[in-house]
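The values are calculated or read from the model by the stated rules, or taken from the named source; none is laboratory data. Remember, it's a predicted structure, so these values are computed and weren't measured experimentally. In this analysis, Cβ positions are derived from the backbone assuming ideal geometry, glycine residues included, and neighbour counts consider all displayed protein chains.
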Amino acid sequence: MPKDAPVIARRGLMLILSSPSGAGKSTLARLLLEKHPEIHLSVSVTTRGRRPSEVEGMHYHFLNRDRFDRMRDAGDLLESAEVHGNFYGTPREPVEAALAAGRDVLFDIDYQGAEQLYGKMRDDIVGVFVLPPSADELKTRLERRAEDASGVIEKRLKNARTEIAHWTDYDYVLVNEDLDSTFANLRNILLAERLRRARQPGLAPVIERLDQELAQLTD
């Protein structure tokens, strides 16, 4: 980029990743944050118990039900939903602060949370739904991670049909058969959406300056 190239201010976007459990959205989110550390991860609150591989404050904020209800009732959550018998929600303040500062925010949430965010902040959102290549592969992935009991896996597979039925609600749909290819497509979506004209209010002064310069050259 030339040294005198203008820095164009823009509002951050909300990149939502949703999928049935086991389709790969959390892996894709982790890879995206590794390649794009400038992205702010929205860390959800949940009443679900912490898995052995999870870290408090990194994967989730783990709360009891009473505290979750207080946050929701006070309006401190942008969205909340019950998933597989547990409650999840998105804290409001850090998201709004990041967007105003021009930082993109990544969400790893289900279709219920996505629908609520669509209703409140649709213009800021880029929604991506991740599909598994097959039902057998989805089951294999759930079993391979060895973090859920067999009954929980069966419940997640049953719920997958309901979750997949919402694929048309999203802006983009990726079939995660090959992780590298799927991740490359996800990055392409992010980079293209950052350049949307509507997300670059800072273009207006650039256009005005160009018009003035052209007027001087042609007068």
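Restricting attention to the range 70-103, the residues that are in contact with a helix residue (DSSP H, G or I) (Cβ under 9 Å, 6 or more places away or on another chain), farther than 16 Å from GLN116 by Cα and part of a loop (DSSP other than H, G, I, E, B) add up to 3.
So that you can scan it fast, the table gives a plain yes or no per residue for (1) surrounded by 20 or more Cβ atoms within 10 Å (Cβ to Cβ); (2) within 30 Å of ARG144 (Cα to Cα); (3) free of Cβ contacts under 8 Å to residues at least 12 places away in the same chain; (4) under 13 Å from the mean Cα position of the chain (by Cα):
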{"site": "MET14", "(1), (2), (3), (4)": "yes, no, no, yes"}
{"site": "ARG30", "(1), (2), (3), (4)": "no, yes, yes, yes"}
{"site": "HIS40", "(1), (2), (3), (4)": "no, yes, no, yes"}
{"site": "ARG51", "(1), (2), (3), (4)": "no, yes, no, no"}
{"site": "HIS84", "(1), (2), (3), (4)": "no, yes, no, no"}
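In this structure, is ARG67 in contact with a strand residue (DSSP E or B) (Cβ under 6 Å, 6 or more places away or on another chain), without any contact (Cβ under 8 Å) to a residue 24 or more places away in the chain and assigned to a helix (DSSP H, G or I)? No. In this structure, is SER21 closer than 27 Å to LEU157 by Cβ, touching a His at 6+ places or on another chain (Cβ under 8 Å) and not in a helix (DSSP H, G or I)? For SER21, the condition - closer than 27 Å to LEU157 by Cβ, touching a His at 6+ places or on another chain (Cβ under 8 Å) and not in a helix (DSSP H, G or I) - is met. Within the range 148-172, residues that are under 17 Å from GLU82 (Cα atoms) reach partners that are among the acidic types (Asp, Glu) and modelled with pLDDT of 90 or more with beta carbons closer than 8 Å, at six or more positions or on different chains, in the pairs HIS166/GLU115. Pick out the one residue from ASP110, ASP73 that is touching an Asp or Glu at 6+ places or on another chain (Cβ under 9 Å), of a type in the set (Asp, Glu) and either surrounded by fewer than 17 Cβ atoms within 10 Å (Cβ to Cβ) or touching a residue at least 24 places away in the same chain (Cβ under 8 Å) (or both). Testing whether each residue is touching an Asp or Glu at 6+ places or on another chain (Cβ under 9 Å), of a type in the set (Asp, Glu) and either surrounded by fewer than 17 Cβ atoms within 10 Å (Cβ to Cβ) or touching a residue at least 24 places away in the same chain (Cβ under 8 Å) (or both) leaves just ASP110.
Give the residue, chosen from LEU186, LEU157, LEU142, LEU138, that is touching a Leu at 6+ places or on another chain (Cβ under 8 Å) and either among the acidic types (Asp, Glu) or modelled with pLDDT of 95 or more (or both). That would be LEU186, the only listed residue that is touching a Leu at 6+ places or on another chain (Cβ under 8 Å) and either among the acidic types (Asp, Glu) or modelled with pLDDT of 95 or more (or both).
In the range 53-70, the qualifying residues are those that are surrounded by 11 or more Cβ atoms within 10 Å (Cβ to Cβ) and of a type in the set (A, V, I, L, M, F, W, C), and the one that is farthest from ARG145 (Cα to Cα) is PHE68.
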